[in-house]
There are 2 protein chains.
Amino acid sequence: MRPSDYELLKLTPLYAAVGKDSIDRLIRDAIVQAAPKGAVLFEEGDEAQFVYVILAGQVGLVAGGSGGAATLIEFFNAGEIFVAPAAILNLRLLVSARVTHDARIVMIAAETFRHAVAHDHALAVAMVAVLAKHWRLLIRQIKDLKLRSTAERLAAYLLTLIPATGGPATLKLAEERKLLAGRLGMTPETLSRAFVQLRKLGVSSRGRQVQIASVRQLRDFCGFDDLV
Amino acid sequence: MRPSDYELLKLTPLYAAVGKDSIDRLIRDAIVQAAPKGAVLFEEGDEAQFVYVILAGQVGLVAGGSGGAATLIEFFNAGEIFVAPAAILNLRLLVSARVTHDARIVMIAAETFRHAVAHDHALAVAMVAVLAKHWRLLIRQIKDLKLRSTAERLAAYLLTLIPATGGPATLKLAEERKLLAGRLGMTPETLSRAFVQLRKLGVSSRGRQVQIASVRQLRDFCGFDDLV
DNA sequence: ATTCACTCTTGATAAATATCAAGCGGTGCG
DNA sequence: CGCACCGCTTGATATTTATCAAGAGTGAAT
């Protein structure tokens, strides 16, 4: 682990929550890996060997269907920890992980992590908070899939990327449209058409740059709740 | 709290995980409520006032869409604890809760619970495990919604209700079809047709009683993975 | 037993989304 | 420059699922 990696690690919410000592114990035997875009960190069905903390870049959790189809379940960005659940429970992984932006990743042995959670109260409490947040993220996604149309899902997603104002806003999508489509549970073609539908609500998109004329209007459109 | 309630509480996984002392601290000021079918424990958008442990009966987490539509996100049965995430994070609730089978429920003040998690290591560790399991449950549901057809979702759901054998099996659905349809992300009509589709795979259903001629065949049909 | 209120099923139709097939506009490269 | 490639869009069509509208069971109360 390079000094610069450690500096990045210090910026993570996990570090803020548990402090230097807990982190140091956790990363004593950890590996830092540079993973290029497209790299596969692990495959669905594998044993959970590691817990991952992203220092830089982006990773997508991908679930493959039986017939070759695959969707993106969730993105993880710098500072976040992922796949704790399988590692904690010592079970097979439900998803694969693919690097979607060149990344530097800390890999902590699952066994080390389990031991740490069992003995380090600060870490256990921090993990409760992390998992609780993720629970809500997933509930949100299920609500989206079950009750919103494709255009509404896109609108709701865009709204999560910007601060909660009412007026105009600009944002840049971090991911390719194909992946975004997967995350939103639709095909790339349908995503394209969803953007077209949002045009009459004042959303213009060129490439990854998206402009929103009225955040309020968009929020009304998708019945966006502010419940974070 | 009646002695019989305490006996039920002893049977919960939570009790097994944290032991008598932790539980006793937790329930010192808890209320036990008898809630009839149809009762609403809390509404989406409320502050999280309590954490709930189900002693008997069944509760459904319901999410309402903007336009009056509503789906069932998940069922919780005797022995389970729910809505910890909002209570832990002290946030507004993302879902409502409706009693789907007459229930007896322990209500623990959210503040008490937060304090206990922060100070009781055994409880924190137990909650990490509970939340990790739930994470996987929700991931499964998202995978189902994104990659499986309605009939496949039904088949996969039925398979979760029976032991992992290969031969014939019988099971009884605990919930009405309308609610089950919501849980599976489809309308009651579509659920009905999904059952018809499964008939040629050896699934016969009369009312809530379901018979499966060949579990293996059903598993092949929906590409069921054994990853619990 | 009769009726009423249900839930569940079935059929016909409509709406949403996926699929298939071009086409467009960049970008890298011979 | 020209060419192929890639990511995205657009159009036409097919498929899936929802919606609307009857019926058919089922069970409880009278």
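The values are calculated or read from the model by the stated rules, or taken from the named source; none is laboratory data. Just so it is clear, the model here is predicted, and its values are computed rather than measured. Don't worry about glycine lacking a Cβ; one is built from the backbone with ideal geometry, like all the others, and counts go over all protein chains shown.
A:L159 meets the conditions (1) away from DNA strand D (no atom under 16 Å from the Cβ); (2) touching an Asp or Glu at 6+ places or on another chain (Cβ under 7 Å) in every case but one. The failed one is (2).
Taking region B:55-77 as the range and being surrounded by fewer than 18 Cβ atoms within 10 Å (Cβ to Cβ) and away from chain A (no Cβ under 14 Å) as the test, the residues that pass are B:A56, B:N77. If you go through region B:194-226 and pick out every residue that is free of Cβ contacts under 8 Å to residues at least 12 places away in the same chain and not small (G, A, S), you end up with 6. Among the candidates A:H101, A:H121, A:H115, the residue that is of a type outside the set (S, T, N, Q) and touching a His at 6+ places or on another chain (Cβ under 8 Å) is uniquely A:H121.
Entry remark, region A:170-216: residues being crowded, with 16+ Cβ neighbours inside 10 Å, modelled with pLDDT of 95 or more and among the charged types (D, E, K, R) number 1 in total. For region B:48-104, the set of residues classified as of a type in the set (G, A, S), assigned to a strand (DSSP E or B) and within 12 Å of the chain's Cα centre (by Cα) consists of B:G57, B:G60, B:A97, listed by residue number.
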